[in-house]
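All remarks here apply to the structure that follows.
None of the figures in this text is laboratory data; all of them are computed from the coordinates on show. Only a predicted model underlies this, so the values are computations on that prediction, with no experimental measurement involved. Cβ: placed from backbone, ideal geometry, glycine included. Neighbour counts: every protein chain shown.
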Amino acid sequence: MSQKMKYAAALAALVVAGEWSAAEATEGYFQHGYGIRQKALAGAGVADSTDAMALSVNPAGMIHVGRQFQGSLSLFSPRRSFTGSGGPGFTPSGEVESGSEYFPVPAFAYSHPLANGDVISFAAFGNGGMNTSYGATANPACVSPPLPASNGVFCGGSTGVNLNQMFLTAGYAHAVNDQFAIGIAPVFAIQGFEASGLSAFAYNALAQPLTVNPAALTNNATDYSTGFGLRLGAEIALSDTFRIGLAYQTKLNMSEFDDYEGLFEGGGDFDIPANYTIGMALDVSENVTVMFDYRHIDYSGVGAVGNSPMTPAQFGSDGGPGFGWEDVDAYKFGVEWVANDQWTWRAGVAMNNNPIGSDDVTLNTLAPGVQEQHFTGGFAYQADERNRIEFSILYSPEATVSGIEVTPAGPNPGHEIELSMHQFDIGFGWTYSFGG
């Protein structure tokens with residue numbers, strides 16, 4: 001397939017799936033949950049699947065769902081900024097805020113039981129992404145020439161990145177017996193990426209290249225990448241009221257971003273990291289279920305994300321610099337109360353470590369995924385036998401990380417950068433149960 005045909009196929013799939021964007025999601029650049037129920041429960045529920053969007057977490061749980069269509073739309077609002085302080089720096093002093101504060105995030109799913117009791121299902125949803133959009137802010141350090149521009153975060157004018165990821169997946173669930181179900185779901189992923197304002201990282205003060213390809217480092221519009229992986233799941237009922245769930249998604253091996261082979265390690269390689277979830281669900285009464293999940297995201301297994309920005313190699317080279325992200329461990333607690341035949345109430349809290357260390361703040365002004373706490377709630381309203389309306393809300397309080405600036409010429413201990421972000425998310429969904 002030619003490059004133009006690949007782009008056309010990617011764009012067509014995205015149009016079918018709807019507008020997609022997630023900006024800085026809540027666990028690094030992964031969403032805390034995908035369907036409205038998951039979002040309201042802080043992402044918990046790997047052992048308690050009740051709707052078609054559960055395919056995004058544990059394909060085994062689809063065995064309980066029945067024939068159902070589900071669609072949702074969330075409005076995600078991350079507020080990102082950084083603050084420079086101390087002596088003169090390569091980056092600006094004072095607070096610099098990122099624009100683009102509102103992002104629509106759609107999701108769709110369908111499940112269909114077969115005559116033998118097994119279930120097939122399909123889903124499309126945004127995995128997450130990174131986005132920053134800094135204007136051509138005034139920067140006294142930018143003396144042009146020889147720097148690319150006389151303003152901007154990195155003396156390159158308007159600066160930022162935009163990474164979006166869409167998953168398209170099909171699942172098959174099989175009940176081994178009344179207590180044990182397994183599931184498998186091949187995953188096709190599409191991602192788009194654009195970077196701007198990074199020209200100052202092309203050469204050092206001696207005009208030596210800092211990248212394997214200065215022409216493929218920045219300002220090349222949006223490039224697309226596609227790839228495949230696999231999600232596996234199991235759900236085990238240890239009693240009538242207690243279940244455990246396990247799910248694993250392989251690393252998705254993606255095609256390279258050719259237009260950014262001078263930025264990402266390995267000549268434009270940007271895979272989607274492997275992750276796994278282990279959880280439990282306990283029915284504490286006939287109407288109340290509590291859930292606890294643990295999720296691990298292997299960011300360090302993707303060089304473009306996990307390699308240190310201080311790696312003594314050119315950008316884009318094999319084993320070259322990345323964003324320096326550590327693996328994320330997330331702990332999620334959710335509770336669901338079925339108040340009556342019409343109303344169900346949900347709440348959750350999730351905690352995870354910040355993947356960005358103090359040594360890596362400079363490059364991560366582009367990707368300040370520092371969030372650590374997430375508080376959620378929501379409800380479902382059963383309008384009639386077939387139609388259910390759902391709502392979710394998330395607040396993630398401000399999180400920060402600070403460290404010294406690292407310029408293309410090396411560390412600058414006299415200038416400190418503090419990354420900061422807080423987030424809001426509100427979501428609405430509709431579920432149609434076919435019955436029969």
Kindly establish whether Thr222 is of a type outside the set (Asp, Glu) and touching a Leu at 6+ places or on another chain (Cβ under 7 Å). no
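For every residue, the table says whether it meets (1) within 30 Å of Gln208 (Cα to Cα); (2) hydrophobic (A, V, I, L, M, F, W, C).
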residue	(1), (2)
Gly348	no, no
Asn352	no, no
Leu366	yes, yes
Ala383	no, yes
Phe391	no, yes
Pro397	no, no
Glu405	yes, no
Asn412	yes, no
Qualifying residues in the range 93-137 (those that are closer than 25 Å to Ala175 by Cβ and among the β-branched types (Val, Ile, Thr)) - the one surrounded by the fewest Cβ atoms within 10 Å (Cβ to Cβ): Ile120
Sole residue being touching a residue at least 12 places away in the same chain (Cβ under 8 Å), surrounded by 23 or more Cβ atoms within 10 Å (Cβ to Cβ) and more than 20 Å from Ala409 (Cβ to Cβ), chosen from Gly160, Gly192, Gly197: Gly160
Filter the range 138-169 for residues that are among the aliphatic types (A, V, I, L, M) and not in a strand (DSSP E or B); which is nearest to the chain's Cα centre (by Cα)? Val153
What number goes with the only condition from (1) touching a residue at least 40 places away in the same chain (Cβ under 8 Å); (2) closer than 23 Å to Val328 by Cα; (3) outside any loop (DSSP other than H, G, I, E, B) that Asn354 does not pass? (3)
Selection from the range 47-92 of residues surrounded by fewer than 23 Cβ atoms within 10 Å (Cβ to Cβ), of a type in the set (Phe, Trp, Tyr) and closer than 22 Å to Asn412 by Cβ yields Phe90
So how many residues does the range 331-358 have that are closer than 13 Å to Ile417 by Cβ, surrounded by 16 or more Cβ atoms within 10 Å (Cβ to Cβ) and out of contact with any helix residue (DSSP H, G or I) (no Cβ under 6 Å at 6 or more places or on another chain)? 0
Kindly state which strands (runs of 3 or more DSSP E) lie completely within the range 39-118 and contain at least 3 residues that are touching a residue at least 40 places away in the same chain (Cβ under 8 Å). 68-86, 103-113
Which of the following residues is in contact with a Leu (Cβ under 9 Å, 6 or more places away or on another chain) and of a type outside the set (Asp, Glu): Thr344, Thr400? Thr400
Given (1) surrounded by fewer than 19 Cβ atoms within 10 Å (Cβ to Cβ); (2) in contact with a Phe, Trp or Tyr (Cβ under 9 Å, 6 or more places away or on another chain); (3) not β-branched (Val, Ile, Thr), index of the condition Ala205 fails: (2)
